[in-house]
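A.B. asks: One structure follows; several queries about it will come next.
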Amino acid sequence: MVQGIINIGSNSIRLAIYKIDNGQVTALLNKKHPSGLASYIKKEKMLQAGIDKTCQAISSFKVLLETFHITNISAFATTALRNISNSAMVIAQIMQKTGVSVTVLSGTEETALDLFGATHAMQTQNGLLLDIGGASTELVLYENGRIVNSISLSIGSLNAYEQYVQYLLPNKKEQKMIKNAVLAELAQITDFASRPQTFICGVGGLIRATGRINISLFNLSMDTAEIKVSNMKKMIKLLENDEENELLSSETLKVLLKTVPGRIETIVPGLIILHTLSRYFKSTTIVVSKSGIREGYLYKNILTAKKQTAKTISPIEDKNESNYAAS
């Protein structure tokens, strides 16, 4: 069996294709369409331009799937369609124009699938899971593989960039504004334990992109999956904007083009969010998970329904995602 899964997020729309054979799962392909849907939401409604962009991305994925005669297709959306008032209309248009039915996950479902996918790959049973999206940031405390508590902060890498950054990269003043916005969100949460978490399990494209920058700047092995929190300040410093000159240095541009060409605008705001949360929880290490919400969706909603037990994932990355293929 070959299964295609489409994930509609606030920053990008992704297609993952998996081969399932006797309970073993192999990732065959992972493609990303940088949609930036969060920027198409005005007054809690998605603009027609954003709907059209979503349909175009899904249609291009369908062409690829049909080329390889893949008929098993599932599609789901998270914050991008969950937090808008015209969600039903958007889903209806997607179905009409592409023939693909989209399920909108609740916040509870999203965090549960994030956790299941990440911990299944990492075999970690206790800790803090973090996923920085384009329009929100999800935090999940878990013990013995079960969710203890979860929260969603209404700040992500894309909306932070749009709200606080004037040029391509944030300067020191803008960085402080993003940091303060994250702390202000945390200050409003009264039922989420802020006890120290030695390590963070990071999922999602933004944290994988951070992992690639970490490997490049500190000359680490390509299979390195850990980011030292103590190194993050150095990463942000290198990538910050000069207050007196909005032009990028050649060194900064080289790093960005080499490691995160599709995230040049959002990577530093995302790094600041990640660093702020890491310091808040007194973490020393961020472990980058190769699996996340799409794998969780595959295991829980597809394989479980077929009464199969998936044993392993063997990621095969495309050129856009380098060492971190999934989620």
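A.B. asks: Would you confirm whether any residue within the stretch 254-266 is open to solvent by 10 Å² or more (accessible area, probe 1.4 Å), over 16 Å from the mean Cα position of the chain (by Cα), at pLDDT 90 or above and farther than 19 Å from residue 134 by Cα?
C.D. replies: no
A.B. asks: Six or more apart or on different chains, Cβ under 9 Å: which pairs go from a residue in the stretch 15-29 that's of a type in the set (Lys, Arg) to one that's not in a loop (DSSP other than H, G, I, E, B)? Could you list them?
C.D. replies: Matching pairs, first to second residue: 19/2; 19/3; 19/25; 19/26; 19/27; 19/28.
A.B. asks: If a residue must be of a type in the set (Val, Ile, Thr) and under 19 Å from the mean Cα position of the chain (by Cα), how many such residues does the stretch 148-190 contain? Quick ask: steps written out before the conclusion?
C.D. replies: The first filter runs over the stretch 148-190 and keeps only residues of a type in the set (Val, Ile, Thr), leaving 148, 151, 155, 165, 178, 182, 189-190.
Restricting the remaining residues to those that are under 19 Å from the mean Cα position of the chain (by Cα) gives 151, 155, 178, 182.
The qualifying residues number 4.
A.B. asks: Continuing with the same structure: Name the residue that is farthest from residue 208 (Cα to Cα), counting only residues in the stretch 15-50 that are in a helix (DSSP H, G or I) and more than 20 Å from the chain's Cα centre (by Cα). Even if it seems obvious, please write down each step before you answer.
C.D. replies: Taking the stretch 15-50 as the starting set, the residues that turn out to be in a helix (DSSP H, G or I) are 37-40, 48-50.
Remaining after also requiring more than 20 Å from the chain's Cα centre (by Cα): 48-49.
On the way: 48: 31, 49: 28 Å.
Ranking the qualifying residues of the stretch 15-50, first place goes to 48.
A.B. asks: Among the residues in the stretch 58-69, are any touching a helix residue (DSSP H, G or I) at 6+ places or on another chain (Cβ under 9 Å), polar (S, T, N, Q) and modelled with pLDDT under 95?
C.D. replies: No, the stretch 58-69 contains no residue that is touching a helix residue (DSSP H, G or I) at 6+ places or on another chain (Cβ under 9 Å), polar (S, T, N, Q) and modelled with pLDDT under 95.
A.B. asks: Give the stretch 225-238 a look and list any residue that's within 20 Å of residue 130 (Cα to Cα), more than 19 Å from the chain's Cα centre (by Cα) and open to solvent by 30 Å² or more (accessible area, probe 1.4 Å), or say none.
C.D. replies: 228, 230, 233, listed by residue number.
A.B. asks: Which residue out of 169, 129, 113, 158 is part of a strand (DSSP E or B) and open to solvent by less than 50 Å² (accessible area, probe 1.4 Å)? Spell out the reasoning first.
C.D. replies: Working: 169 fails: part of a strand (DSSP E or B); 113 fails: part of a strand (DSSP E or B); 158 fails: part of a strand (DSSP E or B).
Among 169, 129, 113, 158, only 129 is part of a strand (DSSP E or B) and open to solvent by less than 50 Å² (accessible area, probe 1.4 Å).
A.B. asks: OK, next. If we scan the stretch 44-57, do we find a residue that is open to solvent by 10 Å² or more (accessible area, probe 1.4 Å), at pLDDT 90 or above and within 15 Å of residue 294 (Cβ to Cβ)?
C.D. replies: Checked the stretch 44-57: no residue is open to solvent by 10 Å² or more (accessible area, probe 1.4 Å), at pLDDT 90 or above and within 15 Å of residue 294 (Cβ to Cβ).
The values are calculated or read from the model by the stated rules, or taken from the named source; none is laboratory data. Everything numeric in this text was worked out from a predicted model, so none of it was measured. Methodologically, a virtual Cβ is constructed for each residue, glycine included, from the backbone with ideal geometry; neighbour enumeration extends over all protein chains shown. Just the protein is used for accessible areas: all its heavy atoms, side chains included, with ligands, DNA and RNA removed. Shrake-Rupley method; radii C 1.70, N 1.55, O 1.52, S 1.80 Å.
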